[in-house]
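Since every read-out is calculated from the coordinates, none of them should be taken as a lab result. Worth saying up front: this structure is predicted, and the values here are computed from it rather than measured. Note that each Cβ is placed from the backbone with ideal geometry, even for glycine, and that neighbours are counted across all protein chains shown.
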Amino acid sequence: MTDMRESARVAVEDCMAVASDESMLVVTDELRRDIGRAIHSAAVERAEEAVYLEIEDDEHHGREPPASVAAAMKASDVVVAPTTRSLTHTRARIDACDAGVRVATMPSITEEVMQGAMQADYREVERRAHELLTRLEDVDTLRITSPQGTDLTLAVGERSWKPDTGVCHEAGCVTNLPAGEVYTAPTTGSGTLVVDGTMSSVGLPDSPIEITFEDGRAVDISHEGLADTVDAAGECGRNLAEVGVGVNPSASLIGNVLQDEKVAGTVHVAVGDSSGFGGDVDCDVHLDGVVTEPEVYADGEEFQLPQ
């Protein structure tokens, strides 16, 4: 088994700043058990109480955990969730943060990711994210193009951009680990997205996936399996949910969207749930697709993404 002690320490100490008088809950599953155990061991060395809990394996990102797990999350000081399915956009996570819990979600985390982007200098990631945030926070319209054929225009409106820095030290904060992005929930958008990087539920596609958006909805998806996954969630699955920009200099493209959407210089766009970060669509699915060579125009002006 890979030695993950340093990555686990980074998560518990650097990212979550777990204190000696706090309780920390690790939520994991059988497929992520080794990672969950490593993080729990790091928590035992720091927290007053460290609890380990396993849920059922499920690749349906955004599905709610059992009520007992949601209650345990809400009753903890810190929650770290290395799970197969994403808990990031669940009501359980939102309720925990509303109660003041600090939460780190690690959906589909692997040992490769633990040895990669998870070992970043998160103060540097934080600096890069806030620098980009100052350039995007007043932008009304974002246009994304790429050599592969992306040409998508998004309206941001009054919705705020959020930094995911990996530094989650304040009550009620949430971070995705490994971290390193600035993101928002667009109010609408139209055009073509060509995913040539990683796509949630697909991985690295054999050929680029084309998604056509009209008025904030994905009206055509070229990948049949992805379309089936989206539609299984109902009408909400086709909602244009998120646009984000990666800023983690330690991340590289590996076929795991948890890491790949953080790669510096990339853009990702998601469909499905947006309720957890400023949008108004509550859905049981949230799927991100990565564009590897984007050109970005903010209110008509091109600017260089951080590399």
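Remarks
- Using the Karplus relation 6.51 cos²θ - 1.76 cosθ + 1.60 with θ = phi - 60°, the per-residue 3J(HN,Hα) values for the stretch 6-12 come to 5, 5, 5, 4, 4, 4, 6 Hz, with x marking Gly and Pro.
- Calculated mean residue ellipticity at 222 nm for the chain: -6000 deg cm²/dmol, from DSSP H runs with n ≥ 4 weighted as -39500 (n - 2.57), summed, divided by the residue count and rounded to 500.
- Each of 146, 175, 72 was scored by the projection of its Cα onto the charge dipole of the chain, and the greatest displacement toward the positive side belongs to 72; charges sit on the C-beta of Lys, Arg, Asp and Glu.
- Under-5 Å amide H pairs with residue 295, H placed in peptide plane, nonlocal only: 145, 146
- When +1 charges are put on Lys and Arg Cβ atoms and -1 charges on Asp and Glu Cβ atoms, the dipole computed for the chain relative to its Cα centre reaches about 560 debye.
- In this Cβ point-charge picture (+1 for Lys and Arg, -1 for Asp and Glu), the stretch 120-303 has a dipole of about 440 debye about its Cα centre.
- Note on residue 303 and residue 19: the model spin-label points, each 7 Å out from Cα along the C-beta direction, lie 3.6 nm apart.
- Lys/Arg +1, Asp/Glu -1 at C-beta; the chain dipole; positive extreme among 43, 20, 201: 20
- 5 angstrom amide H check on residue 28, placed H, neighbours 5+ away: 53, 54, 55
- Mean separation of Cα contacts under 8 Å (6+ apart) over length of the chain, as relative contact order %: 16 percent
- A straight chain from residue 127 to residue 293 at 0.36 nm per residue would run longer than the Cα-Cα distance by 57.5 nm.
- Here the Gaussian network model covers the chain, with springs between Cα atoms less than 10 Å apart; of 252, 222, 201, 222 fluctuates the most.
- The distance linking the stretch 1-76 with the stretch 128-206 is 26 Å (Cα centroid to Cα centroid, whole angstrom).
- Cα gyration tensor shape of the stretch 5-115, rounded if a/c is under 1.5, else prolate or oblate by comparing a/b with b/c: oblate
- Counting only cysteine Cβ atoms and a cutoff under 4.7 Å, the chain contains unmatched residues 15, 97.
- Considering only the chain, percent of DSSP beta bridges that pair antiparallel, nearest 5: 70 percent
- The label-point distance for residue 91 and residue 207, in a model that sets each label 7 Å from Cα toward Cβ, rounds to 4.2 nm.
- Cα gyration tensor shape for the stretch 120-303, rounded if a/c is under 1.5, else prolate or oblate: rounded
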